[in-house]
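Here's the structure we're looking at; comments come further down.
The values are calculated or read from the model by the stated rules, or taken from the named source; none is laboratory data. All values derive from a computational prediction rather than experimental measurement. Glycine also receives a Cβ, built like all others from the backbone with ideal geometry; neighbour counts cover every protein chain displayed.
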Amino acid sequence: MGDVILIQPKGEFLEKLQKKLYMPLGLLQISSWVYKDYKIKIIDQRLDKNWKKNLLKELNQNPICAGITAITGKQIKNALEISKFIKENSNVPIVWGGVHPTLEPCSTIKSDYIDFVIEGEGEIIFKGLVNALDKNKPLKNIMGLWYKEQNNIKKGPKRRLIDLNKTPSLPYNLIDINKYIREKNKEKRFLLETSRGCPNNCIYCNSNFLNTRCWIAKNATRVIEEIKYVHDNFKNIGIIELVDSNFFVDYKRAKEILKEIKKLGLKLWIPGTEIYTLINFITDHSLKLLEDSCCYLGIGVESGSDKVLNSIKKNLTVKQVIDFNKKLKNYNIILNYNFMSGFPNETKEDLKMTINLMLKLIKENKNALAGPVNPVQLLPKTDMLETAVRYGLKRPEKLEDWIKFDVSIKNKLNNLPWLDEKRKKLLKKLYIYSLFLNDQSSYVDSKIISKILLAYRPHAMDKLKLM
């Protein structure tokens, strides 16, 4: 048996502002399929200041391969840095997986610093690759694998989505879990995934491409087993934070899970929620259940203009948002409404509608948060990217080209060719002022910065209202 190294690269600059980082859930999911047969070493570049020294130590043990995950943006730059280091110091094969390699496998495998690319859900594919490399088996029949053979790029047949109910339990012992348990208002939060994908077809999102517009989920029984395991094995966990894109697709399943959460005295923190999936879920009875079992809902609204919502295929109307907000105003659940700007057909009047909707939501519901208004980020395999190309954006060809498609305001605005300089300045101001729409002082530890945020908020609010 040999070693396998899995590496979590640093991501965007926003990570530096977080006291605790999200656990490398994807690497744990990959590990769960191979750790019983192979020794797994996880290196987290975000936390390990001596990552080069520690990685070199592992490379000297002649592992079977090194796996690296990557999403579009700055993480690609850091993942490439790691790959170059491995190439300079060993002959260990380098495997890339994750969201970006799945969306752009061809441009990724062309890199001189990458030997294999996993397209799609990586658990079974990675297991097959490790086994093949260890036992010198042929690669051609490994579904979802891209590889190089005598300077030619080869790929196996595409793999179907896996059954999440048949996935092994995660080997949390491979990481120092205390470094990843996040806290909010002195309550500890634990990260879980219960489903993947989203049936919606928003033009700025690539979830429908990643999961072929399917929603796959662990059944309620499996989810409850995992939640009970967390509750019983990790101290003082009060909140289960989900990474799901759309938790409420299956109403019966959702209710079963919420009931068990309530019994255990836990709360759900759900950053990814679509109002259209909640409309049929919320009755008087289910709202009370939601309040008893859920403390936070992150809700994608995107715009206060029905014209814009229709153009981005949001499957939502402004009236639905307002009615939803009113219906939940007497329930103690934080509703964090997310908004975007910079869409091709968006006018200044549409932006004003967005501002007015945000102000209305927080006025009518004391638990509502809204903003900031982020410029839309172009992502691979989205209709929004294709629209940008039609407007004159140069299509990214090399892996390195995708680094600038990150979350920074400057790059997001510069990647939208329909925006002139005047509109870019307007959207940048809208983002900055809308940052202060909610009281941000409680999110920082520094008393000085907290006072500055509070002092500037009234000024930013006045500017926002006058835009």
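Just to be sure before I move on: is Ile333 touching a strand residue (DSSP E or B) at 6+ places or on another chain (Cβ under 9 Å) and closer than 15 Å to Leu268 by Cβ in the structure I sent?
Yes: the conditions hold for Ile333.
Can you work out which of the residues in segment 311-328 that are buried (at least 16 other Cβ atoms within 10 Å of the Cβ), within 14 Å of Leu278 (Cα to Cα) and under 25 Å from the mean Cα position of the chain (by Cα) is modelled with the lowest pLDDT?
Filtering segment 311-328 for residues that are buried (at least 16 other Cβ atoms within 10 Å of the Cβ), within 14 Å of Leu278 (Cα to Cα) and under 25 Å from the mean Cα position of the chain (by Cα), the one modelled with the lowest pLDDT comes out as Asn315.
For Asn91, only one of the following conditions fails: (1) without any contact (Cβ under 8 Å) to a residue 40 or more places away in the chain; (2) within 21 Å of Trp402 (Cβ to Cβ). What is its number?
Every listed condition holds for Asn91 apart from (2).
So, restricting to helices (runs of 4 or more DSSP H) that lie completely within segment 34-117, which ones have at least 1 residues that are surrounded by 19 or more Cβ atoms within 10 Å (Cβ to Cβ) and of a type in the set (Gly, Ala, Ser)?
Working: elements: 51-59, 74-89, 99-103, 105-109.
Per the criteria, 74-89, 105-109.
Only residues that are out of contact with any Phe, Trp or Tyr (no Cβ under 8 Å at 6 or more places or on another chain) and closer than 21 Å to Ile216 by Cα: list them for segment 102-149, please.
Thr102, Gly120, Glu121, Gly122, Ile125, Met143, Gly144, listed by residue number.
Among the listed residues Glu274, Glu291, Glu260, Glu241, which satisfies the condition of being in contact with a Lys or Arg (Cβ under 7 Å, 6 or more places away or on another chain) and assigned by TED's automatic domain parsing to the domain that holds Asn338?
Result of the check over Glu274, Glu291, Glu260, Glu241: Glu241.
For segment 106-138, which positions are under 18 Å from Arg160 (Cα atoms) and of a type outside the set (D, E, K, R)?
Val117, Ile118, Gly120, Gly122, Ile124, Ile125, Phe126, Gly128, Leu129
Which residues, counting only those in segment 412-424, are touching a Pro at 6+ places or on another chain (Cβ under 9 Å) and not in a loop (DSSP other than H, G, I, E, B)?
Lys412, Leu413, Lys424
Free of Cβ contacts under 8 Å to residues at least 12 places away in the same chain, assigned to a loop (DSSP other than H, G, I, E, B) and among the charged types (D, E, K, R): does that describe Lys158? Can you show your working first?
Numbers: free of Cβ contacts under 8 Å to residues at least 12 places away in the same chain: no; assigned to a loop (DSSP other than H, G, I, E, B): yes; among the charged types (D, E, K, R): yes.
Criteria not met by Lys158.
Six or more apart or on different chains, Cβ atoms under 7 Å: show the pairs whose first residue is in segment 305-331 and on the phi < 0 side of the Ramachandran plot and in the same structural domain as Asn365 (by TED's automatic domain parsing) and whose second is of a type in the set (Gly, Ala, Ser) and outside any helix (DSSP H, G or I).
From residues that are on the phi < 0 side of the Ramachandran plot and in the same structural domain as Asn365 (by TED's automatic domain parsing), the pairs are Leu309/Ser303; Val318/Gly304; Asn325/Ala368.
Could you list, in sequence order, the residues of segment 337-374 that are on the phi < 0 side of the Ramachandran plot, of a type outside the set (A, V, I, L, M), within 25 Å of the chain's Cα centre (by Cα) and crowded, with 19+ Cβ neighbours inside 10 Å?
Listed by number, the residues that qualify are Tyr337, Phe339, Ser341, Phe343, Thr354, Pro372, Asn374.
Give me the pairs, please: first residue somewhere in segment 133-155 and assigned by TED's automatic domain parsing to the domain that holds Pro93 and over 18 Å from Thr102 (Cβ atoms), second residue anywhere and among the aromatic types (Phe, Trp, Tyr) and in a loop (DSSP other than H, G, I, E, B), beta-carbon distance under 9 Å, and either six or more positions apart or on two chains.
Listed by first residue and then by second, the contacts come to Asp134/Tyr38.
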